[in-house]
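Structure first, commentary second.
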Amino acid sequence: CAVRVGDMPDSSLVSVRLADNRRLCVATPKYLKQHGTPLHPNDLLKFDCLALSSDASQTRGWAFSMKKGDASEVIHLKPGGPLDCSDGQVLHAWCLAGYGLAWRSIWEVEAEIAAGTLVPVLEEFAAPPNGIYAVFPQRKHLPLRVRLWIDFLKHHYGQTGFWQLRP
């Protein structure tokens with residue numbers, strides 16, 4: 001059993017959705033003061049964006065929700081910049097160092113947002129959340145301990161406020 005963040009590609013694995021994963025564009029206040037603030041996702045082409053180069057994540061790019069009449073459509077952009085890496089922790093550190101904008105999961109950046117060291121941008125264009133999944137090879141003959149573990153994760157990850165900061 002593994003936990004996967006992000007929607008599952010076609011796979012022979014079985015998955016159970018545990019919780020929602022909301023993502024935001026963030027940058028340091030200093031970066032935004034020096035370079036300005038994007039007002040529309042298309043503006044990202046003019047900014048230093050810190051992207052994951054791994055094939056395992058962000059393959060379609062950063063997701064944004066765009067209004068189309070009374071409905072919304074999710075679009076994907078692949079912004080670029082002078083730096084990319086395959087390690088989310090390195091990318092997070094670069095963002096905190098003021099090297100550019102990053103697209104991160106809320107649970108990765110909420111402490112910095114609360115502290116004011118990171119600022120969310122383009123929030124009105126935030127796409128609907130993708131999922132956090134428990135993934136396992138088969139449903140048949142699933143050991144009891146794995147079923148109990150998945151139930152535990154569903155219960156705790158699914159609670160309102162689980163991903164929020166605690167005082």
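The values are calculated or read from the model by the stated rules, or taken from the named source; none is laboratory data. Quantities reported herein were computed from a predicted structural model and do not represent experimental measurements. Using ideal geometry, Cβ is built from the backbone for each residue, glycine included, and neighbour counts are taken over all protein chains shown. The protein model used for the area step is the full one, side chains on, heavy atoms only, and it has no ligands, DNA or RNA in it. Shrake-Rupley method; radii C 1.70, N 1.55, O 1.52, S 1.80 Å.
See the values below:
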read-out: Cα-based equivalent ellipsoid of the chain: semi-axis lengths in Å, sorted from largest, via gyration tensor; value: 31, 18, 16
read-out: FRET efficiency, 1/(1 + (r/R0)^6) with R0 25 Å, evaluated for VAL74 and VAL146 via beta carbons; value: 0.15
read-out: Neighbour net charge for HIS40 - beta-carbon separation under 12 angstrom, K R +1, D E -1; value: 0
read-out: Computed E for VAL14/GLU124 - FRET, C-beta separation, R0 41 angstrom, nearest 0.05; value: 0.70
read-out: Solvent accessible area, Å² - SER86, 1.4 Å probe, full protein context; value: 90
read-out: Rounded, prolate or oblate (a/c below 1.5 giving rounded, otherwise prolate when a/b exceeds b/c) for region 98-156 by Cα gyration tensor; value: prolate
read-out: For VAL3, net neighbour charge (Lys/Arg +1, Asp/Glu -1) across residues whose Cβ lies under 13 Å away; value: +3
read-out: Heavy atoms of LEU91 accessible to a 1.4 Å probe, total area in Å² rounded to 10; value: 0
read-out: Amide proton proximity set for LEU18, modelled H, under 5 Å, gap of 5+; value: ILE132, TYR133, ALA134
read-out: Fluctuation leader among ARG145, ARG23, ARG104 - the chain, Gaussian network, Cα springs under 10 angstrom; value: ARG145
read-out: Most mobile of ILE106, ILE132, ILE75 in a GNM of the chain (Cα contacts under 10 Å); value: ILE75
read-out: Most mobile listed residue (ALA97, ALA27, ALA51) in the chain, GNM with C-alpha springs under 10 Å; value: ALA97
read-out: J(HN,Hα) series, region 107-114, from Karplus relation 6.51 cos²θ - 1.76 cosθ + 1.60, nearest Hz, glycine and proline x; value: 5, 7, 10, 5, 5, 5, 5, 4
read-out: Share of Cα-Cα pairs in region 24-88 lying beyond 17 Å, as whole percent; value: 47
read-out: Accessible area of TRP94 in the full protein assembly, 1.4 Å probe (Å², nearest 10); value: 60
